[in-house]
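**Student:** Got a structure for you, written out below as structure tokens; questions coming shortly.
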Amino acid sequence: MTEKFDAVDIIRTKRDREVLSEHQIAWVIDAYTRGVVAEEQMSALAMAIFLNGMNPDEISQWTQAMINSGEVMDFSSLTKPTTDKHSTGGVGDKITLPLAPLVASYGVAVPQLSGRGLGHTGGTLDKLEAIPGWRANLSNDEILAQLESVGAVICAAGSGLAPADKKLYALRDITSTVESIPLIASSIMSKKIAEGTDSLILDVKVGSGAFMKNLEQARQLATTMVEIGKQAGTHTVALLTDMSVPLGRKIGNALEVEESVEVLAGGGPADVVELTVALAREMLLAAGVDVDPTENLENGLAMDSWKAMIRAQDGDPDAPLPTAKHTETVVAESDGVISGLDALKLGYASWKLGAGRARKEDPVQAGAGVTIHAHLGEPVKAGQALLTLHTDDEPRVERAKESLEGAITISTMASTRDSVLLDRIS
Ligand code: URA
């Protein structure tokens with residue numbers, strides 16, 4: 001087949017800060033997926049985009065081309081509206097677990113196609129796999145049936161959604177071209193739009209434990225993603241939320257399931273409850289349901305929906321969760337108030353204890369992670385327990401402790417955080 005364009009011309013166009021045409025973009029993504037554009041050519045193009053950016057039209061066209069590279073899910077046969085949430089990832093971010101069943105308890109369907117963790121941020125599927133029997137892989141027919149009966153599905157995203165992004169993301173990872181707003185926004189949105197949801201709420205994290213370290217960058221990423229969503233006809237809203245300290249008091253797979261169940265039982269840490277309720281409110285409003293979602297956390301309906309969701313995927317919601325073989329406590333060295341609790345360092349520690357993986361094929365430990373006993377703004381006395389480290393593998397404790405160097409600051413001045421919500425972009 002004669003190709004319509006030449007990759008070298010397209011690379012040169014972006015290298016020289018010119019605008020790519022819709023046809024050039026459609027061709028380069030398709031030809032890359034087919035293997036006609038070589039990895040080294042796409043590497044050069046990704047770096048040219050990283051350095052010179054793309055305008056809003058190019059970003060939308062790039063996203064659409066990645067959507068067109070694979071299948072698009074179709075939920076139009078459902079009797080309920082669909083809504084979904086995407087988080088850009090953070091430490092202790094277990095919000096999907098209580099959120100999906102909470103929203104489903106109001107009769108709105110939540111198709112949450114998720115991934116596994118890589119590096120210091122945990123993966124939703126790894127967390128749920130801590131529940132005995134729970135199954136991540138569902139067929140499209142099973143997803144549809146569960147959305148109709150239970151309302152919430154959290155499962156593995158099939159390989160058919162935006163295959164161009166899968167290839168490109170792996171390439172960006174090894175060519176230092178991940179941290180580019182046009183490339184991140186189009187990568188996330190292509191998968192979410194291909195998922196076929198009616199509306200999408202984005203949780204864009206800001207702070208040490210997130211991709212975006214400051215509010216300005218996060219605002220730009222959020223605005224770019226909201227624009228892409230709108231152009232594709234998906235109602236999209238973004239909340240900017242704090243990720244300078246971990247969310248909640250538990251980091252790790254089974255530990256985060258445990259904390260999610262506390263929230264579903266009407267308790268749990270204030271920040272986890274605040275964010276779950278804020279995201280649920282946005283998702284429900286987008287689906288035309290105007291309620292206060294705290295009600296179904298308090299009256300047990302969200303918990304019923306959670307148990308039904310876990311059982312539908314062969315999990316036992318009442319079975320005891322796995323615990324780690326070894327625990328060790330980290331204590332305060334002085335009296336004072338916790339004024340810093342670095343999300344990134346705690347995320348690394350949990351990862352090194354065995355909760356996360358360094359390579360895609362590594363196994364994770366269900367019970368590994370960190371419990372936080374003293375959170376931001378809380379008073380402590382010297383010798384008091386600050387953290388418990390959990391692992392099946394005792395030698396990992398020393399490596400985790402190295403990551404914790406400087407993670408916790410104790411001072412005489414109280415430092416608190418009134419809300420995790422920083423901004424809203426629609
Ligand atoms: N998550 C994605 O799916 N893609 C990116 O580029 C960054 C984070």
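The values are calculated or read from the model by the stated rules, or taken from the named source; none is laboratory data. Because the structure is a prediction, the values reported are computed rather than measured. Here the Cβ is made from the backbone with ideal geometry for all residues, glycine too, and neighbour counts use every protein chain on show. All accessible areas refer to the heavy atoms of the entire protein, side chains included, with ligands and DNA or RNA removed. Shrake-Rupley method; radii C 1.70, N 1.55, O 1.52, S 1.80 Å.
**Student:** Could you run through region 164-180 and say how many residues are basic (Lys, Arg) and either within 8 Å of the ligand (Cβ to nearest atom) or open to solvent by less than 10 Å² (accessible area, probe 1.4 Å) (or both)?
**Tutor:** 1
**Student:** Within region 39-46, identify whether any single residue is out of contact with any helix residue (DSSP H, G or I) (no Cβ under 9 Å at 6 or more places or on another chain) and of a type in the set (Ser, Thr, Tyr), and answer yes or no.
**Tutor:** The answer is no; no qualifying residue exists.
**Student:** Conditions: (1) in contact with a strand residue (DSSP E or B) (Cβ under 7 Å, 6 or more places away or on another chain); (2) surrounded by fewer than 24 Cβ atoms within 10 Å (Cβ to Cβ); (3) among the small types (Gly, Ala, Ser). Ala100 meets all but one. Number of the miss?
**Tutor:** Result: Ala100 passes all but (2).
**Student:** Looking only at residues in region 181-219 that are farther than 16 Å from Ala162 by Cβ, open to solvent by 20 Å² or more (accessible area, probe 1.4 Å) and in contact with a Ser or Thr (Cβ under 8 Å, 6 or more places away or on another chain), which one is farthest from the ligand (Cβ to nearest atom)?
**Tutor:** Asp198
**Student:** Sticking with this one: Looking at (1) more than 16 Å from the ligand (Cβ to nearest atom); (2) at pLDDT 95 or above, which is the one condition that is false for His86?
**Tutor:** The number of the failed condition is (1).
**Student:** Limited to region 369-423, what total is found for residues that are open to solvent by 60 Å² or more (accessible area, probe 1.4 Å) and part of a strand (DSSP E or B)?
**Tutor:** So the answer is 4.
**Student:** On to the next question. Restrict the check to region 347-368 and report whether at least one residue is open to solvent by less than 40 Å² (accessible area, probe 1.4 Å), basic (Lys, Arg) and under 20 Å from Gly117 (Cβ atoms).
**Tutor:** Among the residues of region 347-368, at least one is open to solvent by less than 40 Å² (accessible area, probe 1.4 Å), basic (Lys, Arg) and under 20 Å from Gly117 (Cβ atoms), which makes the answer yes.
**Student:** Could you pull out the residue among Gly123, Gly158, Gly133, Gly115 that is away from the ligand (no atom under 12 Å from the Cβ), open to solvent by less than 50 Å² (accessible area, probe 1.4 Å) and of a type outside the set (A, V, I, L, M, F, W, C)?
**Tutor:** Residue meeting the stated conditions: Gly158.
Conditions tested, residue by residue: (1) part of a loop (DSSP other than H, G, I, E, B); (2) more than 21 Å from Arg135 (Cα to Cα).
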| position | (1), (2) |
| --- | --- |
| Val277 | no, yes |
| Asp290 | yes, yes |
| Ala302 | no, no |
| Lys307 | no, no |
| Gly315 | yes, no |
| Ala324 | yes, yes |
| Ser334 | yes, yes |
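**Student:** Here's something else I'd like to know. Pairs please, first residue from region 125-147 and polar (S, T, N, Q), second anywhere and open to solvent by less than 10 Å² (accessible area, probe 1.4 Å), Cβ atoms under 7 Å, 6+ apart in sequence or on different chains.
**Tutor:** Listed pairs, sorted by first residue: Asn137/Cys155; Gln146/Val153.
**Student:** In region 397-417, what residues are more than 13 Å from Ser334 (Cα to Cα) and aliphatic (A, V, I, L, M)?
**Tutor:** Those that are more than 13 Å from Ser334 (Cα to Cα) and aliphatic (A, V, I, L, M): Val397, Ala400, Leu404, Ala407, Met413, Ala414.
**Student:** Counting only residues that are under 17 Å from Thr121 (Cβ atoms) and not charged (D, E, K, R), which one in region 334-346 is surrounded by the fewest Cβ atoms within 10 Å (Cβ to Cβ)?
**Tutor:** Step by step, filter region 334-346, then rank; the result is Leu344.
**Student:** Those residues that are among the hydrophobic types (A, V, I, L, M, F, W, C) and either away from the ligand (no atom under 16 Å from the Cβ) or not in a helix (DSSP H, G or I) (or both), I need them from region 227-242; list them, please.
**Tutor:** Ala232, Val237, Ala238, Leu239, Leu240
**Student:** State whether one or more residues within region 250-258 are open to solvent by 30 Å² or more (accessible area, probe 1.4 Å), under 20 Å from Ala355 (Cβ atoms) and of a type in the set (A, V, I, L, M).
**Tutor:** No, region 250-258 has no match at all.
**Student:** Follow-up question, since we're still on this one. Can you tell me which condition Phe50 does not meet? The list is (1) hydrophobic (A, V, I, L, M, F, W, C); (2) within 16 Å of the ligand (Cβ to nearest atom); (3) free of Cβ contacts under 8 Å to residues at least 40 places away in the same chain, and all the others hold.
**Tutor:** (3)
**Student:** Based on what the data block shows, is Ala31 buried (at least 16 other Cβ atoms within 10 Å of the Cβ) and within 16 Å of the ligand (Cβ to nearest atom)?
**Tutor:** No, not satisfied.
**Student:** When region 95-112 is examined, which residues are found to be within 16 Å of the ligand (Cβ to nearest atom) and assigned to a helix (DSSP H, G or I)?
**Tutor:** Thr96
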